[in-house]
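Engineer: Would you mind keeping the following structure in view while I ask a few things?
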Amino acid sequence: MPTDVTVNGRTYRWMDRPLVVVCVDGCQYEYITAAVAAGAAPYLGRLLAGAGTSFVADCVMPSFTNPNNLSIVTGVPPAVHGICGNYFFDPERGEEVMMNDPRHLRAGTILAAFSAAGATVAVITAKDKLRKLLGYQMKGICFSSEYADKVTLAENGISNVVELVGMPVPSVYSAALSEFVFVAGVKLLERERPDLMYLSTTDYIQHKAAPGTQQANDFYAMMDRNLARLDELKATLVLTADHGMNAKHGADGQPNVIYLQDTLDGWLGAGKARVILPITDPYVVHHGALGSFALVYVPAAAANRALGQRIAALPGIETVLTRAQAAAQFELPADRIGDLVVVSQRDTVIGTSRDRHDLSGLDVPLRSHGGTSEQKVPLLVNRLVGKQPGTRRWRNFDAFDLGLNLSRRPS
Ligand SMILES: [Zn+2]
């Protein structure tokens with residue numbers, strides 16, 4: 001008889017039926033409520049109306065994709081698992097280091113622990129950049145829809161995914177990339193019924209379209225059909241998000257950007273301080289590498305606190321924290337963040353230098369994330385949960401706790 005599994009200080013009960021945890025990238029809560037109100041998402045509507053249990057949870061800071069996906073699958077904040085963005089700056093080597101590689105991960109995942117204990121596990125991501133991190137030390141199926149036509153049994157634990165799903169491999173900038181994840185999840189649950197599945201989509205639509213727009217509602221209708229099918233197949237379903245999403249532009253449609261590197265160059269001299277944007281990754285077309293979170297590395301001579309106060313006084317800045325403050329308040333690994341951590345307000349993003357951002361790919365007014373203004377995310381489960389302490393601060397990384405420990409039906 002399989003036993004409980006303890007990972008990173010939390011114990012998870014063995015699933016009484018398959019658990020599917022879905023991370024909907026960029027799912028500001030309003031996307032769901034607007035789609036439900038428009039009649040586009042009847043299944044989610046039933047969950048919100050009491051067929052399931054819904055909470056508003058906080059994601060981890062920075063409200064970016066990788067730190068949050070890793071928090072969800074490890075059950076702990078970045079201070080423990082170590083992934084706090086797509087990049088960190090290594091001051092000793094003087095270079096920016098990409099954190100897509102599992103060697104930067106400092107904690108094991110719930111997925112790997114269950115696979116080691118004998119559970120069958122499947123992970124499907126939209127973009128391939130997350131696959132190796134999510135699949136770290138995990139036995140089972142792990143692939144991205146981006147490279148669905150390149151899967152091999154040896155590397156991904158599965159073959160012929162395109163045939164299984166019955167859809168062509170979608171463009172990396174498309175809603176279909178996420179649809180592929182859902183359809184593959186449904187097919188896998190029908191065919192192999194894994195004990196544990198983790199499905200992670202991409203926020204292409206959320207970057208483009210506000211809650212309640214036709215484009216957004218169509219996307220949530222697609223999700224809703226697939227979620228309903230997973231429910232019909234008797235899975236426990238937990239839905240959460242890596243972060244929310246907000247408009248970051250003025251009434252004229254132009255993005256509200258603080259080019260912080262340019263500002264600091266003006267104050268301190270060119271290149272004296274270094275601004276790192278951990279949102280930067282190989283896929284920047286839909287957000288121009290602009291988000292509401294930045295790290296600043298300053299020379300030892302610059303007085304951090306005074307500089308921090310000066311940055312905090314810039315219009316559009318919400319908070320500036322020192323390294324120690326940010327590590328404590330945002331649960332971040334102190335060795336992988338800047339001397340200063342800068343968060344902009346809800347409608348504003350932070351850039352480096354104006355000439356380093358190519359905004360030509362922004363065909364609609366900028367929507368993005370990264371700040372505390374994108375921290376509120378849904379945490380829904382399709383089962384009833386006993387009374388919980390009203391004081392509990394729900395986190396998106398409570399998803400497995402909710403699905404395995406809190407939401408069982410009395411037998
Ligand atoms: Zn994301």
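Engineer: Under the Kirkwood approximation applied to all pairs of distinct alpha-carbon atoms, what is the hydrodynamic radius of the range 120-273 in Å?
Structural biologist: One decimal place: 17.6 Å for the Kirkwood radius.
Engineer: Considering only LEU362, GLY75, LEU384, whose Cα is most displaced toward the positive end of the charge dipole of the chain, charges sitting on Cβ of Lys, Arg (+1) and Asp, Glu (-1)?
Structural biologist: LEU384
Engineer: Still on this structure: Using modelled amide H (1.01 Å from N, peptide plane; none on Pro or chain starts), what sits under 5 Å from the amide H of MET197, excluding residues fewer than 5 places away?
Structural biologist: Answer set, sorted by chain and number: LEU19, VAL20, VAL21, ALA122.
Engineer: Let me ask another. For every helix of n ≥ 4 consecutive DSSP H residues, a contribution of -39,500 (n - 2.57) applies; sum these over the chain, divide by its total residues, and give [θ] at 222 nm rounded to the nearest 500 deg cm²/dmol.
Structural biologist: -7500 deg cm²/dmol
Engineer: In the P(r) worked out for the chain, what percent of Cα pairs fall beyond 37 Å?
Structural biologist: 20 percent
Engineer: Can you list residues from other chains, or at least 5 along the same chain, whose modelled amide H is less than 5 Å from the amide H of GLY26?
Structural biologist: Result for GLY26 returns ASP242, HIS243.
Engineer: When DSSP assigns beta bridges and you keep just the ones with both residues in the chain, what percent turn out antiparallel, to the nearest 5?
Structural biologist: Antiparallel bridges make up about 60 percent of those DSSP assigns within the chain.
Engineer: Okay, next question. How much length, in nm to one decimal, is gained on full extension between ARG13 and ASP218, taken as 0.36 nm per residue of separation minus their Cα-Cα distance?
Structural biologist: Between ARG13 and ASP218, full extension yields an extra 70.2 nm.
Engineer: For the range 181-259, with the dipole built from +1 on Lys and Arg beta-carbon atoms and -1 on Asp and Glu ones, taken about the Cα centre, which of GLY212, TYR198, VAL183 lies farthest toward the positive end?
Structural biologist: VAL183
Engineer: Relative contact order for the range 46-104: what is it in percent, counting Cα pairs under 8 Å that are at least 6 residues apart?
Structural biologist: Relative contact order, the range 46-104: 21 percent.
Engineer: Same structure, new question: I'd like to know how the range 158-242 sits against the 2.2 N^0.38 Å rule of thumb: what's its Cα Rg over that expected value?
Structural biologist: The value comes to 1.11.
Engineer: Starting from the Cα-Cα distance between ASP252 and ALA117, subtract it from 0.36 nm times their residue separation and give me the gain in nm to one decimal.
Structural biologist: 43.1 nm
Engineer: May I ask you to order 133-144, 347-358, 389-400 by the average number of other C-beta atoms within 10 Å around their residues, highest value first?
Structural biologist: Sorting 133-144, 347-358, 389-400 by mean packing, highest first, produces 133-144, 347-358, 389-400.
Engineer: On to the next question. Between VAL165, VAL20, VAL238, which gets the highest mean-square fluctuation from a Gaussian network model of the chain, Cα cutoff 10 Å?
Structural biologist: Top of the fluctuation ranking is VAL165.
Engineer: To the nearest 20 Debye, how big is the dipole of the range 284-344 about its Cα centre, given +1 on the beta carbon of each Lys and Arg and -1 on that of each Asp and Glu?
Structural biologist: Around 140 debye, computed over the range 284-344.
Engineer: Here's a follow-up. What FRET efficiency comes out for GLN137 versus ARG193 if R0 is 22 angstrom and r is the Cβ-Cβ distance? Round to the nearest 0.05.
Structural biologist: For GLN137 and ARG193, the calculated efficiency is 0.45.
Engineer: Sequence gap at least 6, Cα distance under 8 Å: using those rules, report the relative contact order of the chain to the nearest whole percent.
Structural biologist: 27 percent
Engineer: Expressed as a rounded percentage, what relative contact order does the range 289-374 have, with Cα pairs under 8 Å and six or more residues apart?
Structural biologist: 42 percent
Engineer: Given H placed on each backbone N at 1.01 Å, which residues far from PHE89 in sequence or on other chains put an amide H within less than 5 Å of it?
Structural biologist: Long-range HN contacts for PHE89: VAL97.
Engineer: Something else: With θ set to phi - 60° and the Karplus curve 6.51 cos²θ - 1.76 cosθ + 1.60, what are the ³J(HN,Hα) couplings of the range 196-206 in order, to the nearest whole Hz, using x for Gly and Pro?
Structural biologist: 9, 10, 10, 10, 10, 9, 10, 9, 3, 5, 5
Engineer: Also, I was wondering about something else. Would you mind putting 201-212, 60-71 in packing order, based on average other-beta-carbon counts within 10 Å, highest first?
Structural biologist: Averaged packing, sorted descending, gives the order 60-71, 201-212.
Engineer: What list of ³J(HN,Hα) couplings, whole Hz, do you get for the range 30-42 from phi and the Karplus terms 6.51, -1.76, 1.60, once you set θ to phi - 60° and write x for glycine and proline?
Structural biologist: 4, 4, 6, 5, 5, 5, 5, 4, 7, x, 8, 9, x
Engineer: Any chance you could run the full-extension gain for ASP4 through ASP149? It's 0.36 nm times the residue separation minus the Cα-Cα distance, nm to one decimal.
Structural biologist: Contour length minus the Cα-Cα distance gives 48.6 nm.
Engineer: Which peptide among 250-263, 215-228 comes first, and what is the full order, when sorted by highest mean count of other Cβ atoms within 10 Å?
Structural biologist: 215-228, 250-263
Engineer: Per residue of the range 130-138, what does 6.51 cos²θ - 1.76 cosθ + 1.60 with θ = phi - 60° give for ³J(HN,Hα)? Whole Hz please, x for Gly and Pro, Karplus curve as stated.
Structural biologist: For the range 130-138, the Karplus-derived couplings read 8, 4, 5, 5, 5, x, 4, 6, 9 Hz, x marking Gly and Pro.
Read-outs: derived from the displayed coordinates by stated rules, not from any lab. Not measured: the values here are computed from a predicted model. When we count neighbours, we look across all protein chains shown, and the Cβ atoms used for this are built from the backbone with ideal geometry, even at glycine.
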